[in-house]
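Worksheet: the structure to be examined is printed underneath.
The values are calculated or read from the model by the stated rules, or taken from the named source; none is laboratory data. Please read these numbers as outputs of a predicted model, since none were measured by experiment. Positions of Cβ are backbone-derived with ideal geometry, glycine not excepted, and every protein chain shown enters the neighbour counts.
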Amino acid sequence: MQHPVVTLTLNPALDGACEADAVIPTHKIRTRNQRYDPGGGGINAARVLAELGQDVCAAFLSGGASGAMLQDLLRERQLPFHPLPIAGETRRSLAVYETASGQEYRFVPEGPLVSAPEWQGVLAMAEAMDDGWLIASGSLPRGVPEDFYGRLAAICGRKGTALVLDTSGPALAAALEAGGLALIKPSQSEFEDLTGQTFSDEASLGEAACALAAQGKAQHIAVTRGAKGAVLAHGGGWIALPSPEVETRSATGAGDSFIAGMVHGLMSESDLTAAFRWGLAAGAATAMTPGTELCHRKDVERLVKQLAQSDIPKHHC
């Protein structure tokens, strides 16, 4: 795969989205404005990177009729992709926006059971990469060991591939034990689970993330805080940015968009703070779109300029 950025999705989804007046138990719910998008963490990140003008390829496990339809949708979008065949059926998710309340309901299946030869094929793909960026995002499907991302990190470290990881729980902890990650992006609750601590303010959060980065576990640690923005730490210090104020239509894909925006910024900007703005702007721009739709470049660029108008204090560890 001769692309500077490859994304990896082990548990992709054929994402459906629609609207309903109200979601009521036992009633037949009439929906409208349905759409289908290729989804899953890495695929969402690839869609955003392509929107921002990057040369990216989406690699993912794919099986059954759902997997075939997901590939068709990627072809329609002219997004390069690399399917890794599995015997199981790619999952289908559904997001329903209830117009009466403004609430969104998201139904996400657990996904297929993946065999050892199937997940080992993903590691073989990583072995074939020489450099560039690999963004691994999303949960581990059934059958994949908890230390999978740790094994992937070891391969990327040996091959000189910059590994960006967006996952949580034991899978994230195992990857950090392997070390050498270019960037991780836990939410604050995920970071608190990882560290066993609770953070009441951005200063304590930034210092803890900085301390973890100083151990060499990850070069950069971005901790997202929802509407409060995010904290970005490295071994020498940390910075915080507020989230741009936007009208939120759907949270689906916002975290994946943040990761994509950050990588785009790291590739195109010489300043870490500028790269951070791209992450916040991409996440907020995706929140502006309904259902499983993701951000539009013009919105991201506008929000980047908006964020650039504020001074960002830099804190040392």
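This table checks each residue for (1) of a type outside the set (A, V, I, L, M, F, W, C); (2) more than 30 Å from Tyr97 (Cα to Cα); (3) surrounded by 18 or more Cβ atoms within 10 Å (Cβ to Cβ); (4) touching a Lys or Arg at 6+ places or on another chain (Cβ under 6 Å).
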{"site": "Thr248", "(1), (2), (3), (4)": "yes, no, no, no"}
{"site": "Gly261", "(1), (2), (3), (4)": "yes, no, yes, no"}
{"site": "Asp271", "(1), (2), (3), (4)": "yes, yes, no, no"}
{"site": "His296", "(1), (2), (3), (4)": "yes, no, no, no"}
{"site": "Leu303", "(1), (2), (3), (4)": "no, no, yes, no"}
{"site": "Leu307", "(1), (2), (3), (4)": "no, no, yes, yes"}
Worksheet item: Would you pick out the residues in region 274-302 that are in contact (Cβ under 8 Å) with a residue 40 or more places away in the chain and more than 17 Å from Val263 (Cβ to Cβ)?
Response: Ala287, Met288, Thr289, Pro290, Gly291, Thr292, Glu293, His296
Worksheet item: Which is surrounded by fewer than 18 Cβ atoms within 10 Å (Cβ to Cβ), farther than 19 Å from Trp278 by Cβ, touching a Cys at 6+ places or on another chain (Cβ under 7 Å) and not basic (Lys, Arg), of Ala214, Ala203?
Response: Ala214
Worksheet entry | Residue among Ala116, Ala100, Ala153, Ala126 that is crowded, with 21+ Cβ neighbours inside 10 Å, of a type in the set (Gly, Ala, Ser) and more than 18 Å from the chain's Cα centre (by Cα) | Ala126
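Per-residue answers, yes or no, for (1) of a type in the set (Val, Ile, Thr); (2) modelled with pLDDT of 95 or more:
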position	(1), (2)
Met1	no, no
Thr9	yes, yes
Pro12	no, yes
Thr26	yes, no
Ala45	no, yes
Gly64	no, yes
Leu73	no, yes
Worksheet item: Just a yes or no: is a residue in region 271-287 among the hydroxyl-bearing types (Ser, Thr, Tyr) and part of a loop (DSSP other than H, G, I, E, B)?
Response: no
Discussion item. Could you check region 201-237 and list, in sequence order, the residues that are over 21 Å from the mean Cα position of the chain (by Cα) and assigned to a strand (DSSP E or B)?
Written reply: Gly237
Discussion item. Show me the strands (runs of 3 or more DSSP E) entirely contained within region 90-193 in which 1 or more residues are farther than 22 Å from Ser62 by Cβ and among the β-branched types (Val, Ile, Thr).
Written reply: 91-98, 181-184
Item to complete: Show the residue pairs that are 6+ apart or on different chains and have beta-carbon atoms under 6 Å apart, the first residue being within region 198-222 and without any contact (Cβ under 8 Å) to a residue 12 or more places away in the chain, the second being surrounded by fewer than 21 Cβ atoms within 10 Å (Cβ to Cβ).
Response: Thr198/Glu192
Practice prompt. Could you figure out which of (1) over 25 Å from Leu172 (Cβ atoms); (2) without any contact (Cβ under 8 Å) to a residue 40 or more places away in the chain isn't true of Glu247?
Written response: (2)
Practice prompt. Could you tell me whether region 65-78 includes any residue that is over 15 Å from Ile259 (Cα atoms) and touching a residue at least 60 places away in the same chain (Cβ under 8 Å)?
Written response: no
Response to the item:
Note on Gln78: of the conditions (1) under 22 Å from Ser115 (Cβ atoms); (2) over 16 Å from the mean Cα position of the chain (by Cα); (3) in a loop (DSSP other than H, G, I, E, B); (4) not aromatic (Phe, Trp, Tyr), unmet is (1)
Response to the item:
Glu110 meets each of (1) in contact with a Lys or Arg (Cβ under 8 Å, 6 or more places away or on another chain); (2) buried (at least 19 other Cβ atoms within 10 Å of the Cβ) with one exception, condition (2)
